[in-house]
Amino acid sequence: MRCAASLLLPLALLAGCRQEMTQQRKYETYEPAPLWPDGTSARPLPEGVVARGDLARLAAAAEPPPVTPALLARGQERFGIYCAPCHGPAGDGDGMIPRRGFPRPPSYHTSRLRAAPAAYFFDVISNGYGVMYSYAARVEPADRWAIIAYIRALQLSRGVELSAVPDARERLP
């Protein structure tokens, strides 16, 4: 038994010697690198490089989809998750966050925002505005369009007389 262990020990030690991939010399992130003329190890992307999935995201951001009940339902869900905490469930700017002392966002029912094009809302969701930060990393372009469709539905719901919606009266208790 002792003989076998004494033979296996050198073999185990020799097997562990070739670790070139895990113990290679490399630059850490943002480490100075005298190898390059600009002296930094962070290399710029080559011209014309497109990140995987960016072309599809750009195509989805270019044109709003047709408004359907499914799109409005998705927009209502996403609005409740991302927008209602500040803008409130009806878009009046009276969400829980402003009630806690943060700056109040504008109501979607002001004449300025009622007249704003859909692209304006898309830009604000994507890039932020005022104290609102960008939601581009959190909300996909298709969901941004769904939220905008729901905001438009909220805006339209404010100016409609009940007599213009006869089916709604039948469903009221």
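The values are calculated or read from the model by the stated rules, or taken from the named source; none is laboratory data. These numbers were taken from a predicted model, which means no experiment stands behind them. We place every Cβ from the backbone using ideal geometry, glycine too, and count neighbours over all the protein chains shown.
Considering only the stretch 53-95, how many residues are surrounded by fewer than 12 Cβ atoms within 10 Å (Cβ to Cβ) and either among the aliphatic types (A, V, I, L, M) or within 16 Å of the chain's Cα centre (by Cα) (or both)?
Qualifying residue count, the stretch 53-95: 8.
Please enumerate the residues belonging to the stretch 56-110 that are among the hydroxyl-bearing types (Ser, Thr, Tyr), under 16 Å from Arg152 (Cβ atoms) and out of contact with any Asp or Glu (no Cβ under 6 Å at 6 or more places or on another chain).
Going through the stretch 56-110, the residues among the hydroxyl-bearing types (Ser, Thr, Tyr) turn out to be 68, 82, 107-108, 110.
When the remaining residues are screened for being under 16 Å from Arg152 (Cβ atoms), the result is 68, 107-108, 110.
Of everything in the stretch 56-110, those that are among the hydroxyl-bearing types (Ser, Thr, Tyr), under 16 Å from Arg152 (Cβ atoms) and out of contact with any Asp or Glu (no Cβ under 6 Å at 6 or more places or on another chain) turn out to be Thr68, Tyr108, Thr110.
Within the stretch 10-55, work out how many residues are outside any loop (DSSP other than H, G, I, E, B) and at pLDDT below 75.
Keep residues of the stretch 10-55 that are outside any loop (DSSP other than H, G, I, E, B), which gives 10-15, 32, 40, 54-55.
Remaining after also requiring at pLDDT below 75: 10-15.
Within the stretch 10-55, residues that are outside any loop (DSSP other than H, G, I, E, B) and at pLDDT below 75 number 6.
Any residue in the stretch 78-94 that's in a loop (DSSP other than H, G, I, E, B): show its pairings with residues that are of a type in the set (A, V, I, L, M) at Cβ separation under 6 Å, as long as the two are six or more apart or on different chains.
Gly91/Leu154
Which one is nearest to the chain's Cα centre (by Cα) among residues in the stretch 38-52 that are small (Gly, Ala, Ser) and surrounded by 10 or more Cβ atoms within 10 Å (Cβ to Cβ)? If you could, list the steps in order and put the result at the bottom.
First pass over the stretch 38-52, keeping only residues small (Gly, Ala, Ser): 39, 41-42, 48, 51.
Keeping just the survivors that are surrounded by 10 or more Cβ atoms within 10 Å (Cβ to Cβ) gives 41-42.
Details: Ser41: 29, Ala42: 26 Å.
The qualifying residue nearest to the chain's Cα centre (by Cα) is Ala42.
Since Ser107 meets every condition but one in (1) crowded, with 16+ Cβ neighbours inside 10 Å; (2) of a type outside the set (Phe, Trp, Tyr); (3) part of a helix (DSSP H, G or I), which condition does it not meet?
(3)
Could you pull out the residue among Val160, Val124 that is under 24 Å from Pro64 (Cβ atoms) and either part of a loop (DSSP other than H, G, I, E, B) or at pLDDT below 95 (or both)?
Values: Val124 fails: either part of a loop (DSSP other than H, G, I, E, B) or at pLDDT below 95 (or both).
Result of the check over Val160, Val124: Val160.
On the given criteria, is Leu113 surrounded by 10 or more Cβ atoms within 10 Å (Cβ to Cβ), touching a residue at least 40 places away in the same chain (Cβ under 8 Å) and out of contact with any Asp or Glu (no Cβ under 6 Å at 6 or more places or on another chain)? Lay out the reasoning, then the answer.
Values: surrounded by 10 or more Cβ atoms within 10 Å (Cβ to Cβ): yes; touching a residue at least 40 places away in the same chain (Cβ under 8 Å): yes; out of contact with any Asp or Glu (no Cβ under 6 Å at 6 or more places or on another chain): yes.
In short, yes.
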